[in-house]
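Comments concern the structure below.
The values are calculated or read from the model by the stated rules, or taken from the named source; none is laboratory data. What you see is a predicted model; the values in this text were computed from it and never measured. Ideal geometry is used to build each Cβ from the backbone, glycine not excepted, and the neighbour counts take in all protein chains shown. In case anyone asks, the SASA skips ligands and DNA or RNA and just uses the protein heavy atoms, side chains included. Shrake-Rupley method; radii C 1.70, N 1.55, O 1.52, S 1.80 Å.
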Amino acid sequence: HLAALVLARGGSKGIPLKNIKLLAGVPLIGWVLRAAADAGVFHSIWVSTDHDEIEKVAKQFGAQVHRRSPEVSQDSSTSLEAIREFLNHHHEVDIVGNIQATSPCLHPSDLIKVADLIQKEGFDSVFSVVRRHQFRWSEVKSGENKMTEPQNLNPAKRYRRQDWPGELYENGSFYFAKRHLIEKGYLQGGKMAYYEMHAEHSVDIDIDIDWPIAEQRVLSFGYFGKEPLKEVKLLVCNFDGCLTNGRIYVTEDQKEMVSYDYRDIVGVDLLKKRGIQVRIISERDCSKTLSAIQLGCIARVSATNKLQVLEDWKKDMGLSWKEVAYLGNEESDVECLKKAGMSGVPADACAVAQKAAGYICKSNGGCGAVREFAEHIFLLLEKVNSARKQ
């Protein structure tokens, strides 16, 4: 029984609840859970946590949850202690694939190859490494009367990068080990092997300043699902709660008013300039309001079956689901969010909509969420274009 185990303690000295903070619109832990699930090599996938919110997110991504004890949830607790506790409660597990929650560029293909090493080739432990081309020098502490010395180079004959294979360093993405090793107090031992990951996939979130850099790396090199991304040609946006904040103001003479953010109107214009059609959908009759805003978009109001409307539009335009993006916020949007190739929700969307979406905006509905989702689409289009060139 090969179990994937992600350790995700609630406490963090650096970034509060780092493990579920949104990275490129997905909770950090969601990236590795998706990769583990799509690898198809694990008999079970677990998250070990002491926090209710992390448990909630883990279950949204299909993982089972082991509630760790306070004894192994301290700042001083080690990964080995948490893994041994997990094994004490799960006697069916023979091999643990300990996957680091903070490695968002992990791909299923890596996990598949590692599973083969430990299950088919008889290794007792396998861990991830990355190749680095860095020259090391000895440290000289303050007050010491000595010179630094080269550790892995001859200064008189410095290697060119292309002439030097570099060195292998642990990158912490994962540690696979058999039960008997872990019970003896080892994550690495017995018949050992390393697995070399691509440098661009070795992303580790440690400090807050790394977050924007990591988002760009994930958008360029992250794993987005089994099917390849396609160029988006249609964005369908729910009106109330996405383009607006969902509030309806009624005047004394019974006229309705809504508010919207001009940034979202700019976002719609930018999408249209990139050749992406934008259409609006609403469960209520808001035709007068839409006319007043003057978006210049096709709209369907009083839509009792949003999915049917979406399917009709897709068929009329001759599109596949991968070419459709959907921004929703309510339970009535869930099926559309699941079908669309690219899906998003504002930060204040209902829980079931957030669970179904591929991207959760930092902005609330009516407060820049449409513009933010448009920027996300543009970044993913760059990924599509880059893949085509390769």
**Report entry** Most mobile listed residue (CYS361, CYS237, CYS350) in the chain, GNM with C-alpha springs under 10 Å
**Finding:** CYS350
Report task. Name the residue, out of GLY190, GLY25, GLY365, whose mean-square fluctuation peaks in a Gaussian network model built on the chain with Cα pairs under 10 Å. Result -> GLY190
Query raised in the report: Which length gain, in nm to one decimal place, applies between VAL384 and VAL352 when the Cα-Cα distance is subtracted from 0.36 nm times their residue separation?
Result: 8.7 nm
Query raised in the report: Roughly how many debye, to the nearest 20, is the charge dipole of the chain about its Cα centre, given +1 on each Lys and Arg Cβ, -1 on each Asp and Glu Cβ, and no other charges?
Result: 1140 debye
Report summary line: Straight-line reach check, LYS184, cutoff 16 Å on alpha carbons, 8 or more apart in-chain or any other chain, hits among aspartates and glutamates -> GLU81, GLU85, ASP94, ASP124
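Counting only DSSP beta bridges with both residues in segment 2-211, tell me the antiparallel percent, nearest 5.
Here the share of antiparallel DSSP bridges comes out near 45 percent.
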Query raised in the report: How many percent of Cα pairs in segment 96-202 exceed 25 Å?
Result: 40 percent
Requested in this report: Could you please state how large a percent of the accessible area of segment 1-141 is carbon and sulfur, counting protein chains only and using a 1.4 Å probe?
Outcome: 47 percent
Report task. For segment 304-315, just list the computed ³J(HN,Hα) in residue order, Karplus coefficients 6.51, -1.76 and 1.60, θ = phi - 60°, integers in Hz, with x standing in for Gly and Pro. Result -> 7, 10, 5, 4, 5, 4, 4, 5, 5, 5, 4, 5
Requested in this report: Identify, among HIS90, PHE123, VAL140, the residue whose Cα sits farthest towards the positive end of the charge dipole of segment 80-142, taking +1 on the Cβ of Lys and Arg and -1 on the Cβ of Asp and Glu, with the dipole about the Cα centre.
Outcome: VAL140
Query raised in the report: Which far-off residues, 5 or more places away or on another chain, put their amide H under 5 Å from the one on GLY368, with H placed in the peptide plane?
Result: ASP261, ASP264
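Provide the per residue accessible area, probe 1.4 Å, for segment 64-152, rounded to a whole number of square angstrom.
54 Å²
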Query raised in the report: Any number yet on Rg/Rh for the chain, C-alpha, Kirkwood?
Result: 1.06
Query - Average accessible area per residue (Å²) across segment 154-218 - probe 1.4 Å, nucleic acids and ligands excluded - result: 62 Å²
Report summary line: Set LYS113/LYS178; LYS21/LYS56; LYS233/LYS288, cut-off 21 Å on Cα-Cα distance; pairs above it are LYS233/LYS288
**Report entry** Spatial separation of Cα centroids for segment 302-370 and segment 238-277, in angstrom
**Finding:** 16 Å
Query raised in the report: What are the ³J(HN,Hα) values, in whole Hz, obtained from phi via the Karplus relation 6.51 cos²θ - 1.76 cosθ + 1.60 with θ = phi - 60°, for each residue of segment 23-32 in sequence order, with x given for Gly and Pro?
Result: 10, 6, x, 10, x, 3, 5, x, 4, 6
Query raised in the report: Rounded to a whole number, what is D in µm²/s for segment 35-79 from Stokes-Einstein with the Kirkwood radius over alpha-carbon pairs (37 °C, 0.692 mPa s)?
Result: 283 µm²/s
Report summary line: DSSP beta bridges in the chain: the antiparallel percent, rounded to 5, is 35 percent
Query raised in the report: For segment 234-388, what is the accessible area per residue in Å² when the probe is 1.4 Å?
Result: 48 Å²
**Report entry** Most mobile listed residue (THR49, THR244, THR304) in the chain, GNM with C-alpha springs under 10 Å
**Finding:** THR304
Report summary line: For segment 234-388, the accessible surface attributable to carbon and sulfur atoms (probe 1.4 angstrom, ligands and nucleic acids excluded) amounts in percent to 46 percent
Report summary line: Asserting the computed 222 nm helical MRE of the chain (DSSP H runs at least 4 long, -39500 (n - 2.57) per run, divided by residue count, to nearest 500) equals -9500 deg cm²/dmol
